[in-house]
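Data block below; observations after.
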Amino acid sequence: MSLLSNTTVLLGKELRTEFRSRELLTTTVVFILIVIVLFSFTFEPTAEESRRFGSGLLWLAFLFAASLMLQSCFVREQNNDTLSALRLSVADPFAIFLAKLAANTLFLLLTELLLLPIFAVMYNVPVLPVLHWLVLVFFLGSLGISVAGTALSAISAQARMRELLLPLLLLPLLTPILVASTEVTAALFDRSPYVQWKGIGFLVVFDLVFLTALWLFGEYLLEE
Amino acid sequence: MKKNVLGAIAVVLLLGAAAYASFFIAPTDAKQGLIYRILYLHVASAWTGLTAFFISFLANLLYVWRRQLRWDALGVSAAEVGLVFTTVVLVTGPIWAHPVWGIWWTWDARLTSTFVLWLLYVAYLLLRTLVEEPDRRALLSALFGIFAFLDVPLVFGSIRWWRTQHPQPVVMGEPGSGLDPTMLRVLLFSWVAMLGLMTLLLWQRYRLEVMRGEFEIVRREAEAS
Amino acid sequence: MKNLDSVFAAYMAGWAIFFVFYLTVARRTSALREDIERLKNSLNRGK
């Protein structure tokens, strides 16, 4: 149970740090908004096309935003030299990762839900009837992005050119999330919306695989 | 030294035999005629590339466990060799596609997945160039290598499940389904020959990496003194 | 015998890629051997 309590304490720290300034959230929201608007210049967003391409564009925007947002995850600790203090404060280093990935998932989910109504209005896609399913797929997709992203952020923080390196490592790794999430979301945006359970299952599997990998190897990511 | 030359000759002979089999033993395909014989090079390279990446994955695990730099050397060597075979797959794919369909690239499941695979391991190599210290570089790239390989079945699975629903030219056909038994035997033999080539290239690259590592250690000590 | 040139191109491209890799490794190995020689000489001279 100590893992859970450690994680909760650290999660509280992560959330408090962010909500004090909210700079990460606001910049991420604005970034996704810019991407959505820019994409609209690249094709004629008629109703049919929006339904077909909309989900893809949405998830691409989420991926790009996440790969920027996750930069600061471990660099922040480096700048203030707080990582060793963090490691000393917990028995299980996995708690540090759990806290960070929970926070990242939360931030991502928050930005996605904030942008959903804007996207629905701009691209004329009805989201209210399927809202709860959308929240589910957003959550599962964001969880996958966060698990992989937090792990890779720990890696890139220790290398040069980390701003470019993180997207370079993360984006190919996350193609399964992109494919599956886009498909499930597209099915929900369809004229007669339906739930693609295959996709949901796949996302769960992805999340479990990488959560397990992070649990097994996380401590090595934080080695001095 | 003699063992190396012998090994190289054996591999060349094996490859020659496989090429002969591809052209003269394997039967003619009813639909595609001569061009389908690229399959023996294309698919065998794909399987060999994956084998090399698997070796790299095992080496990565061993490094994280044992922290001996020779596992790092094996890891990067296998990744590079795997990348070479994967490049061959990506090059022969369009050469096969163009006469058959008139287009150079198809977003067919296997080719697309192979492209992502290629990008993953290019990222692995790029990561290594961005970390100076040998032990840290070994650890970080081993960890990324592990994540990358765990991702491979997910990449192939997701693209196969959802990207093959769209109507697209079936360029390669399904090499597993309805493959003539003789074709299958020639394919397997080609794969064995490719594995021989992989071993040869892997051994050369591994030796280079081990030598380089030792040279670096001596050089640093010499500079320090 | 149509498409013979494509089959030929594919096999040539494949072998070229393998060969280039092999040559690159061989070249780097001999360059490294030279560096080792030079290092050995400079260490011996230093002694």
Could you calculate the FRET efficiency of B:Thr28 with C:Glu37 from 1/(1 + (r/R0)^6), where r is the beta carbon distance between them and R0 is 60 Å, rounded to 0.05? 0.60
Go ahead and set up a Gaussian network model of chain A, Cα springs under 10 Å, then flag whichever of A:Phe97, A:Phe43, A:Phe64 fluctuates most. A:Phe43
With each pseudo-label sitting 7 Å past Cα toward Cβ, what's the B:Glu133-B:Phe215 distance in nm, one decimal? 2.4 nm
Under the helix-only model (-39500 (n - 2.57) for each DSSP H run of 4 or more, divided by the residues of chain B), the mean residue ellipticity at 222 nm, to 500 deg cm²/dmol, is -28000 deg cm²/dmol
Starting from the Cα of A:Thr26, step 7 Å along the direction of its Cβ; do the same at C:Thr29; then give the gap between the two resulting points in nm. 6.0 nm
Taking the reciprocal of mean 1/r across every pair of different Cα atoms in region A:91-224, the Kirkwood radius in Å is 15.9 Å
As a footprinting exposure proxy, order B:Ser45, A:Ser40 by other Cβ within 10 Å, with the fewest listed first. A:Ser40, B:Ser45
Sequence neighbours fewer than 8 away in the same chain don't count; with that in mind, list the aspartates and glutamates whose C-alpha is under 12 Å from A:Lys198. A:Glu183
Taking a virtual spin label 7 Å from the Cα of A:Leu164 along the C-beta vector, which residues in region B:107-138 bring their backbone nitrogen under 18 Å of it? B:119-132
With a Förster radius of 56 Å, plug the Cβ-Cβ distance of A:Leu88 and B:Ala17 into 1/(1 + (r/R0)^6) and report the FRET value to the nearest 0.05. 0.35
Spin-label model distance (nm) - A:Leu208 vs A:Glu44, 7 Å beyond Cα toward Cβ: 4.6 nm
Taking region A:143-224 and dividing mean pair separation by its residue count, relative contact order in percent (alpha carbons under 8 Å, at least six apart): 39 percent
From Cα pairs below 8 angstrom and at least 6 apart in sequence, can you work out the relative contact order of chain A, rounded to a whole percent? 28 percent
Between 0 and 90 degrees, rounded to the nearest ten: what's the tilt of helix B:109-129 against the longest Cα principal axis of chain B? 10 degrees
Report the gain in length on full extension from A:Leu136 to A:Ile118: 0.36 nm times residue separation, minus Cα-Cα distance, nm rounded to one decimal. 4.6 nm
In what order do A:Asp190, A:Asp81 fall by count of nearby beta-carbon atoms within 10 Å, going from fewest to most? A:Asp81, A:Asp190
Compute the distribution of all C-alpha to C-alpha distances in the protein assembly as shown, in bins of 20 Å from 0, and list the percent of pairs in each, rounded to whole numbers. 21, 47, 29, 3, 0
Once the convex hull of the C-alpha atoms of region A:158-219 is built, how many Å³ does it hold per residue, rounded to a whole number? 85 Å³
Based on the Cβ-Cβ distance from B:Leu188 to C:Trp15, what FRET efficiency comes out when R0 is 25 Å, to the nearest 0.05? 0.80
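Every read-out reported here was derived from the displayed coordinates using simple, explicitly stated rules and does not represent laboratory data. It should be emphasised that the depicted structure is a prediction, and the values quoted were computed from it without experimental measurement. In this analysis, Cβ positions are derived from the backbone assuming ideal geometry, glycine residues included, and neighbour counts consider all displayed protein chains.
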